[in-house]
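Before any comments, here is the structure.
The values are calculated or read from the model by the stated rules, or taken from the named source; none is laboratory data. Since we're looking at a predicted model, the values are computed, not measured. Every residue, glycine among them, receives a Cβ derived from its backbone with ideal geometry; neighbour counts consider all protein chains shown. Surface accessibility is based on the protein's heavy atoms, side chains included, excluding ligands, DNA and RNA. Shrake-Rupley method; radii C 1.70, N 1.55, O 1.52, S 1.80 Å.
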Amino acid sequence: RLSDHEALVEADRCYFCHDAPCMTACPTSINIPMFIRQISTGLPKNAAKTIFDQNILGGMCARVCPTETLCEEVCVREVAEGKPVKIGMLQRYATDELMAEKKHPYNRAEPTGKKVAVVGGGPAGLACAHRLSMRGHDVTIFEARKKAGGLNEYGIAAYKTVDDFAAQEVQFILSIGGIAMKTG
């Protein structure tokens, strides 16, 4: 993880392109110039919120997304100088900063009285459950395995997700409330 100083220095390298090719290359369409600007102005938690607005699993993506062939490959600084802005490292810096607070950045809406079942506790199921819960619905995730997380838990090399990060991210998502998890 980048230190505070390293993150500020790296964020200052960004040109904050109006037509940001990095954003177009991002499969989740995160507003990359916006979150980097938020880091550069000393607001890493706001940067994390910008990331989570588009991708609630932004912490894991910061660790495993092949940024070198996506956003960083098309970074204007890569094209001009051969050294892109370290977008993935900045994303990890911001998301880790906010997740370390152990306080969820979103509020659950008033309960609607509706109940939704989500089959599968992998990334898609978790993201779906989180958005439904934000809108006030009660959600039950049914996961066949002992632990939720899907590919993030069972399919990624352990050295990329140290300290049981996949499980931490599941807890972060569930901490909004209104989501029950049924495993096994």
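Can we say Gly59 is of a type outside the set (Val, Ile, Thr), open to solvent by less than 10 Å² (accessible area, probe 1.4 Å) and touching a residue at least 60 places away in the same chain (Cβ under 8 Å)? So Gly59 passes the test.
Counting only residues that are of a type in the set (Phe, Trp, Tyr) and more than 12 Å from the chain's Cα centre (by Cα), give me the helices (runs of 4 or more DSSP H) lying completely in the stretch 21-102 with at least 3 of them.
Values: elements: 21-25, 32-40, 44-54, 58-64, 76-81, 87-99.
Answer list for the stretch 21-102: none.
Of the residues making up the stretch 152-170, just one is surrounded by 16 or more Cβ atoms within 10 Å (Cβ to Cβ) and small (Gly, Ala, Ser), namely Ala166. Number of residues in the stretch 1-44 that are under 24 Å from Pro123 (Cβ atoms), in contact with a Phe, Trp or Tyr (Cβ under 9 Å, 6 or more places away or on another chain) and open to solvent by 40 Å² or more (accessible area, probe 1.4 Å): the value is 2. Report yes if some residue within the stretch 84-92 is modelled with pLDDT of 95 or more, surrounded by 13 or more Cβ atoms within 10 Å (Cβ to Cβ), basic (Lys, Arg) and touching an Asp or Glu at 6+ places or on another chain (Cβ under 9 Å); otherwise report no. Checked against the condition, which is being modelled with pLDDT of 95 or more, surrounded by 13 or more Cβ atoms within 10 Å (Cβ to Cβ), basic (Lys, Arg) and touching an Asp or Glu at 6+ places or on another chain (Cβ under 9 Å), the stretch 84-92 yields at least one hit.
Looking at the structure I just gave you, is Ala100 closer than 24 Å to Val9 by Cβ, out of contact with any His (no Cβ under 8 Å at 6 or more places or on another chain), among the small types (Gly, Ala, Ser) and free of Cβ contacts under 8 Å to residues at least 40 places away in the same chain?
Criteria met by Ala100.
Taking the criterion of being on the phi > 0 side of the Ramachandran plot and surrounded by fewer than 15 Cβ atoms within 10 Å (Cβ to Cβ), the residues of the stretch 171-184 that qualify are Gly177, Gly184.
Among the conditions (1) assigned to a strand (DSSP E or B); (2) of a type in the set (A, V, I, L, M); (3) open to solvent by 20 Å² or more (accessible area, probe 1.4 Å), Val139 misses just one, which is (3). Only one entry of Ala127, Ala167, Ala148 meets the criterion of being under 20 Å from the mean Cα position of the chain (by Cα), touching a residue at least 24 places away in the same chain (Cβ under 8 Å) and assigned to a helix (DSSP H, G or I), and that entry is Ala127. A count restricted to the stretch 151-164 and to residues that are touching a helix residue (DSSP H, G or I) at 6+ places or on another chain (Cβ under 8 Å) and assigned to a loop (DSSP other than H, G, I, E, B) stands at 2. Per the listing Ser29, Ser40, the residue uniquely more than 24 Å from Leu132 (Cα to Cα), in contact with a helix residue (DSSP H, G or I) (Cβ under 8 Å, 6 or more places away or on another chain) and among the polar types (S, T, N, Q) is Ser40.
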